[in-house]
Amino acid sequence: MYQVLLVDDEPLILSGIKFLIDWQQHGCQVADTARNGQQALEKIRQLQPDIVICDISMPVLSGTELLSLAAAESPATVFIMLTNHPDFDLARESLRFAAVDYLLKSQLSAETLEKSLARAIAERDRRRLLAKAEMADSYLAESSRQLLDSAILRVVQAPAGARMEETAAVLASHHILDGWGMAYIPLRFSLVSDIGPAAAQDLERMFRWEQEVAGKLAQNLFAQCSLFCPDKQYQSLFMLCWGITQSAWQEKLLAFSAKLETASSTIVQACPRVLGTDFFSGRAQLAECRRQLFLLREHYYLTSQGRVLFGNLQPPAYQPLGLTGLAGRLVAELQAKNAAGVSSLLSRAIGRIQDIPHEKSQAIWLCGEVSAAVEKALGPDSPLGGQGPHEIERLATRGQVVHWLEQLLNELLSHLEQYSFGRSALIEKARQYVRDNVEKRIMLQDVADYVCISPGYLSSLFKKLYNQNLVDYINQVKMERACELIRQRRYRMYEISYRMGFENAYYFSRVFKRHVGMTPTEYQKSCGRDGNVE
């Protein structure tokens, strides 16, 4: 049965249409009626009728307005429009939104309604078949796209020596192997400085934003391309481009790199790098493409450089780091509380990583061994706090590996200081940084970066030594400075708020009251003309 909705603001018209013909004889039933356009729109959303017979002139929402909204939301629903006036413009507007017929109420009879209903039923069947065909085409297109994405991903992820016949067949079926090039696009986000799990949500959001920016730029430059993320680390993208010439590949890739760097720094505050392979043609070159991608990733790890074409690279002669057994010796030095021994071991590791060209896997393996050694020696007191493996898997460059080891060394030395002398020099350095930058916006990450330890460990150590959160200390120093400025009577409150690095005066006032016990205005009133608090 075809479901029919009748819509008219005149009850007599509704009743007349409802009983004008035998609906069941035509395979239909009246599902409901509506008295205005807004009510009809709600019932269309609820009932999803096959056919709507609708007056053009109605309150709240006219018939043509209802038709235009329904055409967008429920395109399979067929409309027959009714009117009291033979207005050609109204008829043309109705037909523009795919109404199947346009009937004059004054000429409405059982015969004309039945003929119009037959046309509506035929149109409803046509739209249903069309929707099924479009759904099938969409499914086939989506399946083909997923198959292609899987094949491209296999080019990047398959181990050395893996058979690639099926992958090559899929790529060839899309005419990709007639001529293609690939690019490796590592990313760093300046707004997400903490690589721990707390920043995962922000990192994913910014990565998706960056992926969208890169995708739009690529589509503007390359006729056919695919941009994809190989894992859930949100650190890199890969791009495959085809249907172009060798000269166009190099020229457009460099243009893409320049535009992406500019757009990313402005829009996303990200730092992308683009490293491109040579231009290839034919199945036999798939293996060479994969080899070049591996070497480009290693090049980025060692240098952090982008805008690189493989043909311009001189692959380094990799050497072993020669740090076998370091983890075992580190456990012994930590258990002996020997700060000098710990410093010697990790400084040697840092020096060799900085000076020796090596594959990334060697450094990542070393960091994993060091992390396990620290956890084994210190247990619950470890400054890693169980986050070692999580952070290590995100280390993308040699510089990041060195920073991770330097940060760990400082944290270990700070931990061992409690067994030799009292107050940590690192914490004093952090306190001095806060005092020196009191009129700047100071984030916990800024202080941690300055003293080269993790934000979490810095907060924990500060709390142990001073029984105060570092963030509270930062605000305390800022409020002391704010009090000085208020007593000078040279600045307005919003100016002081801005100088202290607060986003708005309201938040500044809340922090001030928490630390001083009164609002900035109350504090100003309590100060005498000489600046002294009365």
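What the table shows:
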| item | result |
| --- | --- |
| Residue among 4, 78 that alone is touching a helix residue (DSSP H, G or I) at 6+ places or on another chain (Cβ under 7 Å), under 17 Å from residue 115 (Cα atoms) and of a type outside the set (S, T, N, Q) | 78 |
| So residue 117, is it at pLDDT 85 or above, open to solvent by less than 90 Å² (accessible area, probe 1.4 Å) and part of a helix (DSSP H, G or I) | yes |
| Residue match in region 489-502 (condition: touching a residue at least 60 places away in the same chain (Cβ under 8 Å), open to solvent by less than 70 Å² (accessible area, probe 1.4 Å) and closer than 30 Å to residue 391 by Cβ) | yes |
| Qualifying positions in region 254-281 - out of contact with any Phe, Trp or Tyr (no Cβ under 6 Å at 6 or more places or on another chain) and either at pLDDT below 90 or of a type in the set (Asp, Glu) (or both) | 261, 262, 263, 264, 265, 266, 267, 269, 271 |
| Members of region 349-371 found to be part of a helix (DSSP H, G or I), in contact with a helix residue (DSSP H, G or I) (Cβ under 7 Å, 6 or more places away or on another chain) and touching a residue at least 40 places away in the same chain (Cβ under 8 Å), listed by number | 349, 350, 353, 354, 360, 363, 366, 369, 370 |
| Cross-chain or 6+ apart pairs with Cβ under 7 Å, region 393-409 first and of a type in the set (S, T, N, Q), then crowded, with 19+ Cβ neighbours inside 10 Å and in a helix (DSSP H, G or I) | 397/300; 397/301 |
| Within region 150-187, considering residues that are outside any helix (DSSP H, G or I) and buried (at least 22 other Cβ atoms within 10 Å of the Cβ), the one farthest from the chain's Cα centre (by Cα) | 180 |
| When residues of region 16-41 are limited to those that are open to solvent by 70 Å² or more (accessible area, probe 1.4 Å) and out of contact with any strand residue (DSSP E or B) (no Cβ under 9 Å at 6 or more places or on another chain), the one nearest to residue 4 (Cα to Cα) | 24 |
| Residues that are over 23 Å from residue 291 (Cβ atoms) and either loosely packed, with under 14 Cβ neighbours inside 10 Å or touching a Lys or Arg at 6+ places or on another chain (Cβ under 7 Å) (or both), drawn from region 228-238 | 232 |
| Pairs with Cβ under 8 Å, 6+ apart, first in region 103-117 and in contact (Cβ under 8 Å) with a residue 24 or more places away in the chain, second assigned to a helix (DSSP H, G or I) and polar (S, T, N, Q) | none |
| Residue match in region 64-77 (condition: at positive phi and either free of Cβ contacts under 8 Å to residues at least 24 places away in the same chain or surrounded by fewer than 23 Cβ atoms within 10 Å (Cβ to Cβ) (or both)) | no |
| Flag if residue 41 is among the aliphatic types (A, V, I, L, M) and modelled with pLDDT under 90 | no |
| Output for region 349-363, where each listed residue is crowded, with 16+ Cβ neighbours inside 10 Å and charged (D, E, K, R) | 352, 359, 360 |
| Helices (runs of 4 or more DSSP H) contained in region 418-503 and holding at least 3 residues of a type in the set (Lys, Arg) | 425-436, 470-488 |
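The values are calculated or read from the model by the stated rules, or taken from the named source; none is laboratory data. Keep in mind it's a predicted model, so treat the numbers as computed, not measured. Because the Cβ atoms are built from the backbone with ideal geometry, glycine has one as well, and the counts that use them run over all protein chains shown. Areas reflect the complete protein model, heavy atoms only, side chains present, ligands, DNA and RNA absent. Shrake-Rupley method; radii C 1.70, N 1.55, O 1.52, S 1.80 Å.
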